[in-house]
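Right, one structure below, let's go through it.
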Amino acid sequence: AQEIFAKLSNTTILLLHSSIKIEIISIMKKITILLFFVFATATAQKADRTNFGSLQNIKASDYAVTFTSNFSKTGGSNEPFKMVFINTITGKTNEVLIAEKTSIRKVHTDIEANFLGSKFVVVECYSEVEKRLPKASGFVSKLYLISLSDFKVTPISSEDFSLKNWQINTKTNKIVFIEQENGMKDLSGEVQKIMVFDLDNGAKREVFSNN
């Protein structure tokens, strides 16, 4: 009788342990599901936000300018960046998109020249590009002009080339810039060339190349 009682006790204990284990697993599953829904709800309620870059006055004009970058609910950046021009007299704003997969490096607002007869700003950017040549980079430096008359974006840099340096000659109203090919076509090395952009008519020409 004692042996039977002992076996029954052991069986009861095993069943009790098993029941407790099942209950703990059930509770853990419920907690996991609850935490998932709490996180999902918090993420859904997290509002998108817009961050502003530096605010600059545009020399000899009625405008100030800044740029924005938008961040999604997951914390990633939504391209492209936007330029925002503010008329300081009327309060009117103009939003300008630069280009897809492009981030703004610097905005030059003290330009003492005119583009097609209008004041303008120069924007230096980094753009993500497709690697078309051996040893090419996934990012290149680009130059854009934005006119204050119509806020049109004019790209200056050549396709598959990265900007190295640039200057404006205010006497001749021309931009001189050096750019380098993104990658190498052959063993002769990366092509570098000097370009001249005419601010009076928008024409661009190559004046010298190292290869």
If you check A99 against the conditions, is it assigned to a loop (DSSP other than H, G, I, E, B), in contact (Cβ under 8 Å) with a residue 40 or more places away in the chain, within 25 Å of D62 (Cα to Cα) and open to solvent by less than 40 Å² (accessible area, probe 1.4 Å)?
no
Scanning segment 158-211 for residues that are polar (S, T, N, Q) and over 27 Å from L133 (Cα atoms), which turns out most open to solvent (accessible area, probe 1.4 Å)?
Q167
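Is it the case that segment 170-183 has a residue that's touching a strand residue (DSSP E or B) at 6+ places or on another chain (Cβ under 9 Å), modelled with pLDDT under 90, among the polar types (S, T, N, Q) and farther than 20 Å from K119 by Cα? Working first, answer last.
Step one: of segment 170-183, the residues touching a strand residue (DSSP E or B) at 6+ places or on another chain (Cβ under 9 Å) are 172-182.
Now drop any that are not modelled with pLDDT under 90, which leaves 181-182.
Filter once more, keeping what is among the polar types (S, T, N, Q): 182.
From the residues that got through so far, the ones that are farther than 20 Å from K119 by Cα too are 182.
Scanning segment 170-183 turns up at least one residue that is touching a strand residue (DSSP E or B) at 6+ places or on another chain (Cβ under 9 Å), modelled with pLDDT under 90, among the polar types (S, T, N, Q) and farther than 20 Å from K119 by Cα.
Can you tell me which residue among I89, I111 is at pLDDT 90 or above, part of a loop (DSSP other than H, G, I, E, B) and over 16 Å from I146 (Cβ atoms)?
On the way: I111 fails: over 16 Å from I146 (Cβ atoms).
It is I89.
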Tell me, which residue of segment 88-108 that is among the polar types (S, T, N, Q) and more than 19 Å from S141 (Cβ to Cβ) is nearest to the chain's Cα centre (by Cα)?
N94
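Can you say whether T109 is closer than 30 Å to N211 by Cβ and among the hydroxyl-bearing types (S, T, Y), as far as the supplied structure shows?
Values: closer than 30 Å to N211 by Cβ: no; among the hydroxyl-bearing types (S, T, Y): yes.
So T109 does not fit the description; no.
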Being touching a strand residue (DSSP E or B) at 6+ places or on another chain (Cβ under 7 Å) and more than 18 Å from I168 (Cα to Cα) is the filter; apply it to segment 105-132 and report the residue that is most open to solvent (accessible area, probe 1.4 Å).
R105
Looking at this structure, is G202 outside any strand (DSSP E or B), in contact with a strand residue (DSSP E or B) (Cβ under 9 Å, 6 or more places away or on another chain), on the phi > 0 side of the Ramachandran plot and of a type outside the set (S, T, N, Q)?
yes
Does segment 51-70 contain any residue that is surrounded by 11 or more Cβ atoms within 10 Å (Cβ to Cβ), modelled with pLDDT under 65, not in a loop (DSSP other than H, G, I, E, B) and not charged (D, E, K, R)?
yes
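Would you please name the residue that is modelled with the lowest pLDDT, looking only at residues in segment 133-157 that are open to solvent by 60 Å² or more (accessible area, probe 1.4 Å) and in a strand (DSSP E or B)?
Of segment 133-157, the ones open to solvent by 60 Å² or more (accessible area, probe 1.4 Å) are 134-135, 139, 149-150, 152, 155.
From the residues that got through so far, the ones that are in a strand (DSSP E or B) too are 139, 155.
Numbers: F139: 89, P155: 95.
Per the stated criteria, the residue is F139.
The values are calculated or read from the model by the stated rules, or taken from the named source; none is laboratory data. Just so you know, these numbers come straight off a predicted model, no measurement behind them. For neighbour counting, all protein chains shown are included, and Cβ atoms are generated from backbone atoms with ideal geometry for every residue, glycine included. To get the accessible areas, we keep the full protein, side chains included, count just its heavy atoms, and leave off ligands, DNA and RNA. Shrake-Rupley method; radii C 1.70, N 1.55, O 1.52, S 1.80 Å.
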